[in-house]
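Report on the structure given below.
The values are calculated or read from the model by the stated rules, or taken from the named source; none is laboratory data. What you see is a predicted model, and the numbers here were worked out from it, not measured in a lab. No Cβ is skipped: glycine too gets one built from the backbone with ideal geometry, and neighbour counts run over all protein chains shown. Remember, those area values only see protein heavy atoms, side chains included, never the ligands or the DNA or RNA. Shrake-Rupley method; radii C 1.70, N 1.55, O 1.52, S 1.80 Å.
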Amino acid sequence: MNRKLRMGMIGGGPGAFIGAVHRSAAIMDGEIELVCGAFSNDPEKSKRAGEMLRLPTQRIYGSYKEMIRSENSLPVNERMDIVSIVTPNHVHFEPAKLALENGFHVVLDKPLAFDLKEAILLQEIAKKSKLLFCLTHTYTGYPMIKEARQQVLSGKFGKIRKVYVDYPQGWLTNLLEAADSTHYSRKQATWRTDPAQSGIAGAMGDIGTHAFNLAEYVSGLNVTKLCADINTVVDGRKLDDDGTVLLKFDNGASGFLYATQIAAGEENNTRIRVYGEKGGIEWQQENANTLVVKWLDRPSEIFRTGTPYLSSFAKHNTRVPAGHPEGYLEAFANLYRNFALCLKAKMSGLEPQPEWLDFPGVDEGVRGMNFVEKVIESGKSDEKWVTF
């Protein structure tokens, strides 16, 4: 198929953070172009955002319902192919459901839905539609996370025994959601700490789900039960801002996950360590081009992005030669590119390559929502261990 995929966006208007990230990631490889959008639930704000993005007036919509209905009425060679949904959590399910029911492929910012009930229903709709669905768990897009997964799945470390994953932030150390400020971070804090918009979890829903997804993705294992200590540290906050979780995996391995947004001085120092009988790996986002491979009986090895000895999965998701930093935007773009390559292959009647298929989807989204519900259930329980 010799054209760009046409994308519409829901959300990502004035004051939004993640919308601009999605737009930059989507266009990075020249596979996708933004052709329309409903950027806010306020039609005037949506109009201003669309004009700033230089979209045709008739392709700037006042609501996502109007956008999906209008785009569906256009000729096949004009309408959007995919919908990117970058709204707060409580506006994930309905736009995704409507898009799928009208024949549009979906890229959705995580989490999958507001709660597990919505997530399971959306999974059913997506499976029935046979359309492509990508959930943007960003960290799975890093080349060295791809390499870490391939190293673990190769079996060279023997049976996996321990998984540790950390996600410390410090931006909610104070009651930012109540601050007298017009800075975009206050807007982010306001909805992310609001149960009506975010759901039953704060830090665990926002960043804990990323850590959980990394633990399962890199280890190749599934969590079977967990035991959580969930805290709301800052006075006046309505949702959790800190938590630690003990994990049990389906091969008998154990693990530890912590996610906190009140670690003053921390930015986004995501880290994962996986250990087997013979060795293991360590990766952290603040040094994203490096993967440390550790051995029981010999010195550790340093693997670097862009080098010829990496797996095909890492190489496919690397854009520049060794020594040139690749980061968050590129990891995001890898998800969009793999999604686009699979969709183009599907539209051309071809089989996607295995490296293209390596992006998170609706199944990972359901597991993420299950994680959120079980973490909060365990956090409130005196018995603590709950079956996943």
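So how much slack lies between N251 and Y309, counting 0.36 nm per residue of separation and subtracting their Cα-Cα distance, in nm?
17.9 nm
Could you pull the Cα extents of the range 167-225 along its three principal axes, largest to smallest, in whole Å?
That gives 45, 22, 15 Å along the principal axes, largest extent first.
What Kirkwood hydrodynamic radius do you get for the range 197-334 when you take the inverse of the mean 1/r over all pairs of distinct Cα atoms, in Å?
Hydrodynamic radius (Kirkwood, Cα pairs) of the range 197-334 is 17.0 Å.
Report, ordered by chain and residue number, the aspartates and glutamates lying within cross-link reach of K346, taken as a straight Cα distance under 20 Å and ignoring same-chain residues fewer than 8 apart.
Straight-distance partners of K346: D29, E31, E33, E78, D81, E101, E355, D358, D363.
Determine the per residue accessible area of the range 154-258 with all protein chains present and a 1.4 angstrom probe, expressed in square angstrom.
Dividing the accessible area of the range 154-258 by its residue count gives 39 Å².
Order 102-109, 310-317 from most to least packed using the mean count of other Cβ atoms within 10 Å.
102-109, 310-317
Which entries in the list K248/K374; K117/K187; K156/K374; K47/K130 go over 22 Å, if you measure between the two C-alpha atoms of each?
Exceeds cut-off: K117/K187; K156/K374; K47/K130.
In nm, to one decimal, how far is the modelled label at L329 from the one at D180, with both set 7 Å along Cα→Cβ?
So the two model labels end up 3.6 nm from each other.
For the range 211-238, list residues with backbone N below 14 Å from a point placed 7 Å from the Cα of E355 toward its Cβ?
none
How big is the C-alpha Rg of the range 236-283 next to the rule-of-thumb value 2.2 N^0.38 Å, as a ratio?
That ratio works out to 1.49.
What are the extents of the Cα atoms of the range 332-388 along their three principal axes, in Å, largest first?
54, 20, 15
Considering Cα pairs under 8 angstrom that are at least six residues apart, work out the relative contact order of the range 303-360 and quote it in whole percent.
Contact order relative to length: 27 percent.
Distance in nm between label sites at W191 and L296, each 7 Å beyond Cα in the beta-carbon direction?
4.9
Normalized C-alpha radius of gyration of the range 257-329, against 2.2 N^0.38 Å?
Expressed relative to 2.2 N^0.38 Å, the Cα Rg reads 1.27.
Averaging over all projection directions, find the projected area of the Cα convex hull of the range 40-183 and quote it in nm² with one decimal place.
The Cα convex hull of the range 40-183, projected and averaged over all directions, gives 13.5 nm².
Can you pull the percent of the chain's accessible area that's carbon plus sulfur, 1.4 Å probe, other chains left in place?
So the carbon and sulfur contribution to the accessible surface is 51 percent.
Enter the mean projected area of the convex hull around the alpha-carbon atoms of the range 155-194, in nm², rounded to one decimal.
Across all orientations, the range 155-194 yields a mean hull projection of 5.0 nm².
How many Å² of accessible area per residue for the range 304-388, probe 1.4 Å?
46
Relative to the present Cα-Cα distance, how much length would full extension add between E286 and K127 at 0.36 nm per residue of separation?
Additional length available on full extension: 53.6 nm.
From the P(r) of the range 285-376, could you give the percentage of C-alpha pairs in the tail past 19 Å?
Here the tail beyond 19 Å accounts for 58 percent of pairs.
Determine ³J(HN,Hα), in whole Hz, for all residues of the range 151-165 in sequence, where each value follows from phi through the Karplus function 6.51 cos²θ - 1.76 cosθ + 1.60 and θ = phi - 60°; x replaces Gly and Pro.
4, 5, 5, 5, x, 5, 8, x, 5, 6, 10, 9, 10, 10, 9
If each DSSP helix of 4+ residues adds -39,500 (n - 2.57) and the sum is divided by the residues in the chain, what number results at 222 nm, nearest 500 deg cm²/dmol?
It comes out at -10500 deg cm²/dmol, rounded to the nearest 500.
Using Cα-only point scatterers and the Debye equation, what is log10 of I(q)/I(0) for the chain at each q in 0.07, 0.08 Å⁻¹, rounded to two decimals?
The calculated log intensity ratios at q = 0.07, 0.08 Å⁻¹ are -0.31, -0.41.
Send over the Kirkwood Rh of the range 129-228, from the inverse of the averaged 1/r over different Cα pairs, rounded to one decimal Å.
Result for the range 129-228 stands at 16.3 Å.
How much area per residue is accessible in the range 1-116 when the probe is 1.4 Å and only protein heavy atoms are counted (Å²)?
Accessible area per residue, the range 1-116: 42 Å².
Evaluate the Debye formula for the range 1-72 with equal point scatterers sitting on the alpha carbons, no solvent, and hand back log10 of I(q)/I(0) at q = 0.22 Å⁻¹, in q order, two decimals.
For the range 1-72 at q = 0.22 Å⁻¹, log10 I(q)/I(0) is -0.92.
Full-extension gain between R3 and N72, please, as 0.36 nm times their residue separation minus the C-alpha to C-alpha distance.
22.9 nm
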